[in-house]
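Take a look at the structure set out below.
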Amino acid sequence: MSTDLLTIEEAAKHLGVSDRTVRKFIADGYLSTKRDTGSRRKWLLPAEVEELRKDRIDFREGARLTRKEFMKLRARLQRLEGHMEVVLRMLDSKSEPLRMDRAYAKSLHEACLGQLQRAKWDESELSSWSQIFLRVTEEDFKSLRDATEDPKPWVPFLRLCLAMTASVVANDRYATSMDLQGVHRELAEARRRMRVSAMCYADLYDGTLDSSLRRLEPVDGSSTDLLKHVLRKP
């Protein structure tokens, strides 16, 4: 089976069902879809289609789990429960500002600049930084300015968020990895929040925020080029 995304027609052929049945599988939540920007065509993940094909075969044949398979499933469920606990803790923390003191603000700014020298990050690094991006507030930007004398303290953080987003999308596994797609959504939300915090920071403490950033639409497609222009180095 191809590693490329599948059309509904291709998925139907692989499953041995009609296009209408595949659309029902999508509506019932058995299959998820992706769409290209500006297109109404739905694409399906090959891994999901193959899993559904195997599940339908097992169901027809009345397959039963062996004890070994049951133990593996139970272990997998326990791991998933552990991951969910971590996710819930992360979600709880997202509403809390970083509340930086001067030392933390300076070290975080230096760490951000250091990360900007890199081109790739592993998933744990991406997840950790996305949590910082999600929680940074206009008060945190003021703390960063006071600690570093950077007149635009939000710029390196938005630059790093953009670079990490580009790295995720360029990953060979992105099209079929739910984890990477989840990180991408998180970084996109973090980017949106930081833009809002940057504008609030400018209104409250500075007033020198680039006017082009105020007009910026959500970062998708060509808007990415505009944001890169706004954040380019002098």
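Overview of results
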item	result
Average Cα contact separation per residue, segment 8-61, under 8 Å, 6 or more apart, as relative contact order %	32 percent
Proxy reagent accessibility, fewest Cβ within 10 Å first, across Glu186, Glu10	Glu10, Glu186
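FYI, it's all coordinate maths here, none of it is from the lab. The model shown is predicted, which means the values in this text are computed figures rather than measured ones. Cβ sites come from the backbone with ideal geometry, for glycine too, and all protein chains shown count toward neighbours.
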